[in-house]
Amino acid sequence: MNPRLILFAAAGAGLVAILGFGVGRLTATQPRAALPVQQSARRILYWYDPMIPMERHSGPGKSSMNMTLISKYAAEAPGAAGVQIDPAKAQNLGVRLATVERGALPGGVNATGVIAFNERDVAVVQAKAAGFVQRVYGRAPGDTLAAGAPLADLLVPEWAGAQGEYLAVQHTGDPALIQASRERLKLLGMPPSLIEAVEKTGHARSVVTVSTPTGGVIKTLGVRNGMSVMAGQTLAEVNGLSRVWLNASVPEALAGQIRPGESVTATLAAYPGETFSGRVTAILPQTDATSHTLTARIDLPNPGARLRPGMFASAQFGGVSQAALLVPSEAVIRTGARNLVMLAQPGGRYAPAEIRIGREGGGKTEVLAGLSEGEKVVASGQFLIDSEASLSGIQARPAASPPSPMASPAKTPALYESVGRVEQIGPASVTLSHQPVPAIGWPAMTMTFKLASPALAQGVEVGDRMAFAFDQPPAGPTVRRMSKATAP
């Protein structure tokens, strides 16, 4: 090979090596030069153990649990910034947001209960006079009887003597004596039908048939063949079945939403697809100390005696819809000591906020304090964010704090107009079944409004069709104007 070619090749290889070394040093030293500048911009506040975020240290080292301490930078300090999550990671976590909005909270309450006898429909069959049981008709407790069904034949010797005297007085023809003798038979307890039979036949009847005054089921039966009975002795108790009670167990937290007289819809597993309508007749005063429930007594019609005592039933109380500030119930984190939501803030940041909650219904929860209309809360995935906020030592915004600057400004009070039918009138309120209110997204519903002045209800009666205007102050929807509407 030519020696001059070998010399040029060696020189080229050396030049390439020198250039590679220089480029390598340039690319390796540039990050090192930039790193101190970047780190210097982030001021370290303290060191902490991720397992004990509230324990802070002034320098690096080991924690009380022998864990390596991690530095906390100024940009990560607890405050309004909250926890920052990359949008892509938030999507992977299934984070879903919901807007705090004002709407109508359904007032319905669901409860379960058991069908029971109507204790107001009980007939007591007693012996009118002392006597002896000559015959029984094969009855037993639990039998269902029609009205007038015979129970037993009683021999009453006292009645036989009184009837003989009455027949003897009739032969005298003295109207005063006859009337007096007839009154004596009534005082001895003889039914009018028996007295008329004695008058028509002219013969004394000492055996009387005791029958049920009303139809129903025999609850107790105290008459047997051959026994003697005393005057006033109870022979049987018959409970009617035309109406029954549904004793529904209502949680005491929801008992305030139920009123006597309101309508109830009941469903039973024994009759799938059917509904039975009734009304609340009473809310019993005693609370079950074990289940913390109150008993609402519901009166139900029972045609054909299909509803049998002991059957299990579910009750849906009507209730009245009311306007409230609402969040999805799934967004509320219940710790036992307080209730939290995770607020969504600009820049992919999230911060906990303490709230006070009220009623629940239809998957929505009423917010009494801690949030304002227009704020956004995390409705799904909030538990993971809350755990990160707790580990980072981020304090929750108190419920009594002023609204967030990111919340929408308060709306100027305005009057909304609608037409509705008066369902109920109170001293300072009126219940209306009104048409939709498109301006605030309300559907047609029945709800209770406060009256700005009791004079608005003067001359108004239940059933009247009224045109009214209302606003929504913090105390609740309030009627400002109301007048009778013309027929549509």
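A DSSP coil position with no more than 15 other Cβ atoms inside 10 Å describes the following GluC sites (Glu not before Pro) in region 219-281: Glu252, Glu274. Available extension along the chain between Glu101 and Thr290 is 64.3 nm, counting 0.36 nm per residue and deducting the alpha carbon span. Once you order the gyration tensor axes a ≥ b ≥ c over the Cα atoms, which shape class does region 422-488 get: rounded for a/c under 1.5, otherwise prolate or oblate by comparing a/b with b/c? Judged from the Cα gyration tensor, region 422-488 comes out oblate (a/c at least 1.5, b/c at or above a/b). For Ser277 and Arg480, FRET efficiency with R0 = 30 Å and r from the beta-carbon atoms, rounded to 0.05? About 0.25, to the nearest 0.05.
Taking each residue as 0.36 nm, the span from Lys89 to Ile425 lengthens on full extension beyond its C-alpha to C-alpha distance by 115.5 nm. Going by a ≥ b ≥ c, the root eigenvalues of the Cα gyration tensor, does region 122-239 fall in the rounded group (a/c under 1.5), the prolate group (a/b larger than b/c) or the oblate group? Here region 122-239 falls in the prolate category.
Partner lysines whose Cα lies under 28 Å from the Cα of Lys364, excluding those fewer than 8 positions away in the same chain, are identified as Lys89, Lys376, Lys411, Lys450.
Between Ser193 and Arg120, residue separation times 0.36 nm minus the direct Cα-Cα distance comes to 23.6 nm.
The calculated FRET efficiency for Thr172 paired with Ala130, based on their beta-carbon distance and R0 = 22 Å, is about 0.15.
Given R0 = 45 Å, the distance between the Cβ atoms of Thr144 and Lys200 translates into a calculated FRET efficiency of 0.85.
Every read-out reported here was derived from the displayed coordinates using simple, explicitly stated rules and does not represent laboratory data. Note that this is a predicted model, so its numbers are computed, not measured. Counting neighbours? That spans all protein chains shown, and the Cβs are built from the backbone with ideal geometry, glycine included.
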